[in-house]
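Data first, discussion second: the structure below is written as structure tokens.
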Amino acid sequence: MFELARTGSGSRLLLKLEQYNPTGSCKVRMAREMILAAEREGKLRPGGHIVEPTSGNTGTGLALMAIERGYRFTAVVDDHASRDKLRAMRAMGVDLVFVESKGEGPSTLERRRVAGEIARASGAFWPDQHHNPNNNLGYVGLAAELLRDLGTDIDYLVGAVGTGGTVCGTIKELRRLGSRVTSIGVEPTGSIIFGGPPGKYWQTGSGAPGGFTVGSNVDHSLIDEGVTVDDIDAFTAARIVARRTGILVGGTAGAAIHVALKQLALIEPNSTMVVLVCDAGEKYLDSIYNDDWLRERHLLNEAAHQRLHRLFDAYRDSVQLASQAKAAVFAQ
Ligand SMILES: Cc1ncc(COP(=O)(O)O)c(C=O)c1O
């Protein structure tokens, strides 16, 4: 865990850096759980075949499980995915089946249709991450790690929502362990999970496009607040974190960090806020860390960069002012 910001009133914003898992993402946790459950339930037999539509992180997680346990894996993907995730899956021996991405959004519906067809025609096992309860159960260990590493309760947990597994799975287990955490789910502006109008977005992994039926792993009863963040704010936050800390996080983590930084000043003193960082920024060097890629999509915004720098500076100054005020009181 890494402390990204602190307030003069004693609140802390910590990042849970899930990119240090094998495959550079939290999603290896759920891939493992889904495959082990399928083996237990007899849905996967030695030498079997797995098929899953993916934006890449579930795909590399399943690729690792396939290597480890001797399966063939077909990933149904589109060009909305980061090129590095596609290259990584190919490097791990995954069969990639491409569906056309219609311009500037993920082809979530089409990817599912094709995966279903492959599963029906070949008898391959389709874990179906949007509906498989073992996705959410994959984060039981993450909840326990958070409480153990912090040694205190978490007051706010902020995370990006796609299938819902990461946030809902972690929150459910935290509450089972007695936590009184408030959960904040984040999706791209243009995604429809929290009821907003559909539109284009470039954040990959989180969100659901217009026309998609949100799966059962998004449990709204576990998400206290649902927030949308546009691509400029999401990518700017990731880029500023890289410049100020040297840690590269993915674009959906940038969105969650943007929300957390805005809320940190408003929460009760001495609170602990945690952002789940789903994946590594190294997967996005060609996109969100590439000025040309951003400029082509009108997503490079210097004013947004400056605004966020000022917010970080304000937190730093608030800590200094608080300690100066304390010193002045003691000097009376
Ligand atoms: C980069 C990234 N962020 C966020 C998410 C959303 O996680 P979940 O599907 O568990 O809601 C994913 C899922 O693939 C992802 O790859």
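Laboratory data are not the source of any read-out in this text; all were calculated from the coordinates shown. Just so we're clear, the structure is a prediction, and the values are computed from it rather than from any experiment. Cβ placement follows ideal geometry from the backbone for every residue including glycine, while neighbour counts extend to all protein chains displayed.
Counting other beta carbons within 10 Å of each Cβ, put His258, His49 in order, fewest first. By the 10 Å Cβ count, ascending: His49, His258.
Karplus-based coupling profile of the range 135-142, in residue order and whole Hz: 4, 4, 5, x, 9, 4, x, 5, with θ = phi - 60° in 6.51 cos²θ - 1.76 cosθ + 1.60 and x standing for Gly or Pro. Scanning the chain for GluC sites (Glu not before Pro) in DSSP loops with at most 15 neighbouring Cβ atoms within 10 Å leaves 105-332 as the longest stretch between them.
Given Cβ point charges of +1 (Lys, Arg) and -1 (Asp, Glu) and nothing else, what value in debye, to the nearest 20, does the dipole of the chain about its Cα centre take? Before the final figure, lay out the partial values.
Values: 37 positive and 38 negative charges, 96 e Å.
The calculation lands at about 460 debye.
Can you show me the helix-derived [θ] at 222 nm for the chain, built from DSSP H runs with n ≥ 4 at -39,500 (n - 2.57) apiece and divided by the number of residues, rounded to the nearest 500.
On the way: 11 runs with 144 residues, N = 332.
Only helices count here, giving -14000 deg cm²/dmol.
Can you flag which of Lys16/Lys262; Lys262/Lys283; Lys43/Lys283 are past 22 Å Cα-Cα? List each step's numbers first, then the result.
Working: Lys16/Lys262 18 Å; Lys262/Lys283 26 Å; Lys43/Lys283 32 Å.
Beyond 22 Å between Cα atoms: Lys262/Lys283; Lys43/Lys283.
Listed by chain and number, the aspartates and glutamates whose C-alpha is less than 12 Å from the C-alpha of Lys85, apart from same-chain residues fewer than 8 away, are Asp279, Glu282, Asp286. Per the Debye formula on identical point scatterers at the alpha carbon atoms of the range 27-129, with no solvent, log10 I(q)/I(0) at q = 0.13, 0.15, 0.21, 0.23 Å⁻¹ is -0.40, -0.53, -1.04, -1.24. Semi-axis lengths, largest first, of the ellipsoid equivalent to the chain are 35, 22, 17 Å, with √(5λ) applied to each eigenvalue of the Cα gyration tensor.
Of the beta bridges in the chain, as assigned by DSSP with both residues counted there, near 15 percent are antiparallel.
Once the Cα atoms are used to define both axes, helix 302-331 deviates from the longest principal axis of the chain by about 40 degrees. Rounded, prolate or oblate: which fits the range 105-223, taking a ≥ b ≥ c as square roots of the Cα gyration tensor eigenvalues, rounded meaning a/c under 1.5, else prolate when a/b beats b/c? Note, shape of the range 105-223 comes out oblate.
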